[in-house]
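Shown next, in structure tokens, is the structure this report addresses.
The values are calculated or read from the model by the stated rules, or taken from the named source; none is laboratory data. No experiment lies behind these values; they were computed from the predicted model shown. With ideal geometry, Cβ positions are generated from the backbone for all residues, glycine too; neighbour counts draw on all protein chains shown. Areas reflect the complete protein model, heavy atoms only, side chains present, ligands, DNA and RNA absent. Shrake-Rupley method; radii C 1.70, N 1.55, O 1.52, S 1.80 Å.
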Amino acid sequence: MASSCRNRLFSGLLFLCCGFLGFITSPAEAAIKKYQFDVQVNNVSRLCHAKPIVTINGRFPGPTVYVREGDRVLINVTNHAQYNMSIHWHGLKQYRNGWADGPAYVTQCPIQTGSSYTYDFNVTGQRGTLWWHAHILWLRATVYGAIVILPKPGTPFPFPQPYREAEIILGEWWNGNVEEFVNKANNLGLPPNSSDAHTINGKPGPLFPCSEKHTFSMEAEQGKTYLLRIINAALNDELFFGIAGHNLTVVEVDAVYTKPFTTEAILIAPGQTTNVLVQANQASGRYFMAARPFMDAPVAIDNKTATGIFQYRGIPNTVLPSLPQLPASNDTAFALSYNKKLKSLNTPNFPANVPLKVDRKLFYIIGFGKESCPTCLNGTRFVASLNNISFEMPQVGLLQAHYFNLKGVFKTDFPDRPQTPFNYTGAPLTANLGTSTGTRLSKIAFNSTVELVLQDTNLLTVESHPFHLHGYNFFVVGTGIGNFDPAKDPAKYNLVDPVERNTVGVPTGGWTAIRFRADNPGVWFMHCHLELHTGWGLKTAFVVEDGPGSDHSVLPPPKDLPPC
């Protein structure tokens with residue numbers, strides 16, 4: 001597989017990317033796209049510090065995967081690093097094909113050092129911006145990249161055709177070894193260090209030391225419109241993003257078109273993607289694009305601002321850029337208002353097929369607590385739970401255990417609701433209400449409709465949580481502050497054009513209700529996309545049963561599936 005950069009003319013669009021091989025049949029037929037991903041350790045310098053990081057093909061961020069709706073994709077991952085590796089193709093539904101989903105010990109065991117595995121999947125019924133990232137340990141700190149799914153040939157965007165596009169990937173940077181930080185923190189029973197910087201396309205920008213050359217910039221032509229494909233790859237921070245002097249028109253989230261609306265800034269949680277249109281209609285100059293965290297709870301974060309430059313053609317680099325006026329870091333009102341504006345397009349071509357009848361109602365409470373740890377610094381360590389169950393990862397892939405009917409790996413007795421109801425968002429509670437640890441999953445009937453209410457709690461503290469469901473999109477039918485009221489709140493649901501996505505934020509001290517149809521058989525992970533909380537156990541999984549006939553059952557595993 002060639003690793004040099006090649007030009008590929010694909011239905012009139014020129015892609016310049018490394019490690020990309022594609023061969024085209026006819027314009028009306030799907031193509032097979034092949035990529036080679038080499039997991040390598042390379043030295044990278046940021047903020048006056050040089051350190052070895054895990055990369056894909058020596059790049060940070062990694063290469064963009066370009067495909068069209070309907071394509072088949074083959075990505076061979078060869079692991080040359082000292083860490084075991086798995087890669088998740090975040091937001092791709094992987095129908096019947098959890099073997100290509102990627103979370104370690106859920107749908108596969110990790111790819112061991114010196115070994116390879118080919119992720120083989122079809123891109124069906126999806127177009128827009130998604131992303132890929134490591135799904136083991138904290139390796140997604142540096143192992144991530146964009147997925148750009150173009151519409152089928154001849155299918156236009158449902159918004160004005162942009163002049164050009166750019167991927168904007170927001171991330172975090174640590175000066176030290178992230179895995180060492182995490183291991184040390186776990187041994188002490190403490191949270192690991194916050195990151196030392198936020199980044200835009202791997203670069204922190206000139207507000208940080210030694211970063212003049214580590215600044216992302218894009219050139220704009222006066223009067224042209226640009227499509228920015230924005231991805232939050234940060235491990236632990238929700239982020240505001242804006243461009244000084246320019247409005248952003250939101251047209252898509254999580255690879256689903258939305259009703260367009262204009263805003264001075266967007267809010268984007270870890271795991272989410274947002275496409276915006278930007279018109280270069282201001283006085284020619286240099287303008288900072290900036291990203292900084294949103295946090296409306298008393299939790300320590302990296303509160304530093306990453307910057308890039310939106311630069312009009314012909315303007316010299318000596319012109320000082322201006323900074324955008326982003327919302328305050330604790331601006332809850334902006335966050336709630338922004339998310340309320342997100343609605344599905346809901347047109348004949350892009351309908352919002354919201355389940356109106358619900359077969360299964362689930363109510364999960366999000367909790368923090370402390371458990372005994374005699375070797376830890378304070379004799380305790382943090383634990384996170386759903387319905388008072390802190391999820392314990394197995395040593396064999398859950399999908400393998402399900403497919404081959406392996407006994408003793410997991411139980412399917414995850415409770416539909418908490419066993420001990422209480423005033424979830426009332427006065428802070430320090431007890432963990434008897435949190436237990438186990439590998440307990442919820443079994444869901446094929447093609448049944450599910451409503452899941454995720455409720456934040458004030459166990460230790462309230463906090464916002466972005467939850468990601470693998471294998472599915474879902475509709476966000478309702479959200480609110482305080483305790484969910486099953487007698488009153490459903491009457492306020494939006495069942496006409498709710499936003500459809502794969503990752504949703506549960507507001508601080510509030511709740512979010514989602515609905516989906518369980519039409520994708522297999523084992524599908526659901527977890528908080530804050531890596532800190534996931535590591536503490538804020539995760540679970542659904543076993544979606546096979547449907548009738550071979551077309552509605554899990555596909556057989558590939559021959560090169562990594563061994564456990």
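General observations
- Furthest towards positive pole of dipole, THR420, SER436, PHE37, structure part the chain, Cβ charges: PHE37
- Put a plus charge on the Cβ of each Lys and Arg, a minus charge on the Cβ of each Asp and Glu, and nothing anywhere else: the dipole of the stretch 32-150 about its Cα centre is then about 200 debye.
- Distance from the C-alpha centroid of the stretch 326-397 to that of the stretch 174-231: 24 Å, rounded to the whole angstrom.
- Dividing the radius of gyration of the alpha carbons in the chain by their Kirkwood radius gives 0.94 for Rg/Rh.
- Model label sites at GLU212 and ASN447, defined 7 Å from Cα along the beta-carbon direction, differ in position by 6.5 nm.
- Within the stretch 364-399: backbone nitrogen closer than 11 Å to the VAL299 label point (7 Å, Cα to C-beta): 367-368
- Distances between placed amide hydrogens fall under 5 Å for THR118 paired with VAL77, all partners being 5 or more residues away or on another chain.
- Per atom type, the chain shows carbon and sulfur on 52% of its accessible surface, probed at 1.4 Å.
- Toward the positive end of the charge dipole of the chain, with +1 on the Cβ of Lys and Arg and -1 on the Cβ of Asp and Glu, the farthest Cα among ASN281, ILE481, SER550 is that of ASN281.
- Less than 5 angstrom separates the built amide H of ILE147 from those of VAL65, LEU130, TRP131, TRP132, all sequence-distant by 5 or more or on a different chain.
- Helical mean residue ellipticity (222 nm; -39500 (n - 2.57) per DSSP H run of 4+; nearest 500) of the chain: -1500 deg cm²/dmol
- Of all beta bridges that DSSP places with both ends in the stretch 360-552, some 70 percent have antiparallel geometry.
- Where both bridge residues fall in the chain, DSSP classifies roughly 75% of the beta bridges as antiparallel.
- Within a straight-line Cα-Cα reach of under 20 Å, LYS224 can be paired with the following aspartates and glutamates, leaving aside sequence neighbours fewer than 8 residues apart in one chain: GLU165, GLU167, GLU252, GLU264.
- FRET efficiency, HIS552 to THR262 (Cβ-Cβ, R0 41 Å, nearest 0.05): 0.45
- Signed unit charges on C-beta, dipole axis of the stretch 21-144, positive-most listed residue GLN108, LEU47, THR78: LEU47
- Two-decimal log10 I(q)/I(0) for the stretch 164-341, as the Debye equation yields it once each C-alpha is a single scatterer, q = 0.09 Å⁻¹: -0.32
- The stretch 174-227: GluC sites (Glu not before Pro) falling in loop per DSSP and having at most 12 other Cβ within 10 Å: GLU212
- A cut-off of 5 Å between modelled amide H atoms, ignoring neighbours fewer than 5 places along the same chain, links SER86 with ILE111, HIS135, ILE136.
- Euclidean distance of C-alpha centroids, the stretch 420-461 and the stretch 509-556, integer Å: 15
- Distance violations [Cα-Cα > 19 Å] among LYS341/LYS492; LYS443/LYS539; LYS370/LYS539; LYS33/LYS152; LYS361/LYS407: LYS361/LYS407
- Karplus-based coupling profile of the stretch 358-368, in residue order and whole Hz: 10, 8, 9, 10, 10, 9, 10, 9, 9, x, 10, with θ = phi - 60° in 6.51 cos²θ - 1.76 cosθ + 1.60 and x standing for Gly or Pro.
- Potential extension, ARG164-LYS492 segment - 0.36 nm per residue separation minus Cα distance: 114.1 nm
- Loop-located trypsin sites (Lys or Arg not before Pro) across the stretch 192-267 with a Cβ neighbour count of 10 or fewer within 10 Å are LYS213, with loop assigned by DSSP.
- Model label sites at ILE481 and GLN82, defined 7 Å from Cα along the beta-carbon direction, differ in position by 4.8 nm.
- With both labels modelled 7 Å from their Cα along Cα-to-Cβ, the ASN193 to THR412 distance reads 4.6 nm.
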